[in-house]
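The values are calculated or read from the model by the stated rules, or taken from the named source; none is laboratory data. Model, not experiment: these values are computed from the prediction. Please note: Cβ atoms are built from the backbone with ideal geometry, for glycine as well, and neighbour counts cover all protein chains shown.
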Amino acid sequence: MANTYIGATKLWSIDTTGNISTSGIWIRKIVYLPAAANNDLIFTDTSDNNAIVLRAGASDATPIQLDFGDKGWRLDSLKCGTIDGGTAYVYVR
């Protein structure tokens, strides 16, 4: 599959590595649905510096959710550096 942005709902659906934004982005919320235990999701900036690191539990694949509130968190750039399995949903403002 491919990373997809839905403008009407300001939602990124991410299941592969690659650039999300190279010119700045405000993140409101991230929901990661790992496919299996120990799956990693690592967001970096475009220089490959870690920004957000999430990992599924050692014995389960429970969804992980980060909420940055209505104001959100601004990053100069965003790239999915690693996604072992599953899908991440990034809500932007």
Criterion: exposed (fewer than 14 other Cβ atoms within 10 Å of the Cβ) and farther than 19 Å from Tyr91 by Cβ - qualifying residue of Ala2, Ala36, Ala8, Ala61: Ala36
The stretch 84-93: number of residues that are under 9 Å from the mean Cα position of the chain (by Cα) and not hydroxyl-bearing (Ser, Thr, Tyr): 2
Enumeration of residues in the stretch 64-81 that are under 16 Å from Arg93 (Cβ atoms) and either among the β-branched types (Val, Ile, Thr) or in a strand (DSSP E or B) (or both): Leu66, Asp67, Trp73, Arg74, Leu75, Leu78
Single unsatisfied condition, Arg28 versus (1) surrounded by fewer than 17 Cβ atoms within 10 Å (Cβ to Cβ); (2) of a type in the set (D, E, K, R); (3) in contact with a strand residue (DSSP E or B) (Cβ under 9 Å, 6 or more places away or on another chain): (1)
Some residue of the stretch 8-22 being of a type in the set (Phe, Trp, Tyr), under 13 Å from Thr82 (Cα atoms) and part of a strand (DSSP E or B): no
Selected residue (only one of Val53, Val31 is farther than 20 Å from Ser77 by Cβ, at pLDDT 95 or above and either assigned to a strand (DSSP E or B) or touching an Asp or Glu at 6+ places or on another chain (Cβ under 6 Å) (or both)): Val31
Complete set of residues in the stretch 38-62 that are closer than 15 Å to Ile20 by Cβ, of a type in the set (Val, Ile, Thr) and under 12 Å from the mean Cα position of the chain (by Cα): Ile42, Thr44, Ile52
Tyr91 vs. criteria surrounded by 12 or more Cβ atoms within 10 Å (Cβ to Cβ), assigned to a strand (DSSP E or B) and in contact (Cβ under 8 Å) with a residue 60 or more places away in the chain: yes
Members of the stretch 71-88 found to be crowded, with 19+ Cβ neighbours inside 10 Å and β-branched (Val, Ile, Thr), listed by number: Ile83
